[in-house]
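Undergrad: Quick one: the structure is below, questions incoming.
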Amino acid sequence: MRAKLDISDVLSAEKIYSSSDLEAAGLNRMGIKRLLDAGELIQYTRGIYILPEAAFENGLSYAVMAKLKDGVVCLLSAAVFHELGDSNPSSLWYAVDRTRVKNATVSSYKTDHKLVFWQPEMLVPGVDSHTILGQAVKITNPARTVIDLMSTNRINEETKLKAFSDFLKNGGDMVEVWTLADELKVGDTLKPYFQLAEELQESLPQRRM
């Protein structure tokens with residue numbers, strides 16, 4: 001008699017798994033198929049599996065993208081993560097190394113995405129690592145996020161200003177913005193926003209200690 005496979009012995013609902021992860025945990029192809037057929041495992045996209053309990057977790061698409069390809073959650077998707085502005089993009093904005101990734105889309109990804117191509121040195125400043133569903137996910141921090149929003153032509157002005165305003169209301173550090181902008185060589189481009197920041201900060205109510 002075939003022993004019943006206990007998924008709890010090898011998997012956790014708080015993680016996502018690649019095919020190689022499952023194989024390393026002792027699941028062969030037939031074992032994976034049995035779990036899929038029984039509804040105990042979901043194939044999220046080609047080569048990526050999750051437990052049913054993880055299907056509606058916040059940030060799942062971020063974690064899956066990070067599992068599939070090294071890169072950085074950025075622009076509108078980073079703004080959503082940091083609660084800057086009120087945009088709700090239908091696609092995940094994800095920056096990748098332009099010297100290593102050539103295709104603008106990858107058809108096997110279930111997650112709708114917009115790839116942004118950055119030079120390698122642009123993938124480090126103002127980028128933090130967060131753990132989502134057991135996966136390390138790199139996301140631009142609030143200061144870097146507003147810099148990227150303000151320095152791109154792909155985002156409308158109203159969306160940029162709302163995110164920038166929220167950054168300031170949340171006590172965002174303009175010194176960090178200035179420093180990062182200089183490091184990224186976009187300081188001159190953002191001068192109008194720096195002037196606007198002074199006006200906005202003067203009009204914002206003082207935060208209570």
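Undergrad: So which residues in region 165-183 are open to solvent by less than 20 Å² (accessible area, probe 1.4 Å) and within 13 Å of Glu198 (Cβ to Cβ)?
TA: Of everything in region 165-183, those that are open to solvent by less than 20 Å² (accessible area, probe 1.4 Å) and within 13 Å of Glu198 (Cβ to Cβ) turn out to be Leu168, Met174, Val177.
Undergrad: Return the residues of region 127-151 that are of a type outside the set (A, V, I, L, M), closer than 30 Å to Pro192 by Cβ and surrounded by fewer than 22 Cβ atoms within 10 Å (Cβ to Cβ); say none if nothing qualifies.
TA: Asp128, Lys138, Asn141, Ser151, listed by residue number.
Undergrad: List the pairs whose first member sits in region 59-83 and is under 18 Å from Pro125 (Cβ atoms), whose second member is of a type in the set (Phe, Trp, Tyr) and open to solvent by 40 Å² or more (accessible area, probe 1.4 Å), and whose Cβ atoms are under 7 Å apart, counting only residues at least 6 apart or on separate chains?
TA: Close Cβ pairs (under 7 Å, with a partner that is of a type in the set (Phe, Trp, Tyr) and open to solvent by 40 Å² or more (accessible area, probe 1.4 Å)) amount to Val73/Phe81.
Undergrad: I would also like to ask the following. Any chance you could count how many residues in region 108-126 are part of a loop (DSSP other than H, G, I, E, B) and either among the β-branched types (Val, Ile, Thr) or surrounded by 18 or more Cβ atoms within 10 Å (Cβ to Cβ) (or both)?
TA: So the count comes out to 4.
Undergrad: Let me ask something else. Are there any pairs, at least 6 apart or on different chains, whose C-beta atoms fall under 7 Å, with the first in region 113-137 and closer than 21 Å to Tyr49 by Cβ and the second assigned to a loop (DSSP other than H, G, I, E, B) and open to solvent by 60 Å² or more (accessible area, probe 1.4 Å), and if so, which?
TA: Sorted first by the residue in region 113-137, then by its partner, the pairs are Leu133/Glu14; Leu133/Lys15; Leu133/Glu57; Gly134/Glu14; Gly134/Lys15.
Undergrad: If we only count strands (runs of 3 or more DSSP E) wholly inside region 8-96, which ones have 2 or more residues that are farther than 30 Å from Pro142 by Cα? First the steps, then the outcome.
TA: Numbers: elements: 16-18, 42-45, 48-50.
By residue number, 42-45.
Undergrad: Hey, could you check region 88-107 for residues that are modelled with pLDDT of 90 or more and more than 12 Å from Leu76 (Cα to Cα) and say which is surrounded by the most Cβ atoms within 10 Å (Cβ to Cβ)?
TA: Once the filter is applied, the top-ranked residue is Val96.
The values are calculated or read from the model by the stated rules, or taken from the named source; none is laboratory data. All figures in this text were calculated on a predicted structure; none of them were measured in a lab. Neighbour counts are summed over all protein chains in view; Cβ atoms, including those assigned to glycine, are modelled from backbone coordinates with ideal geometry. Protein only, heavy atoms only, side chains kept; ligands, DNA and RNA dropped before computing areas. Shrake-Rupley method; radii C 1.70, N 1.55, O 1.52, S 1.80 Å.
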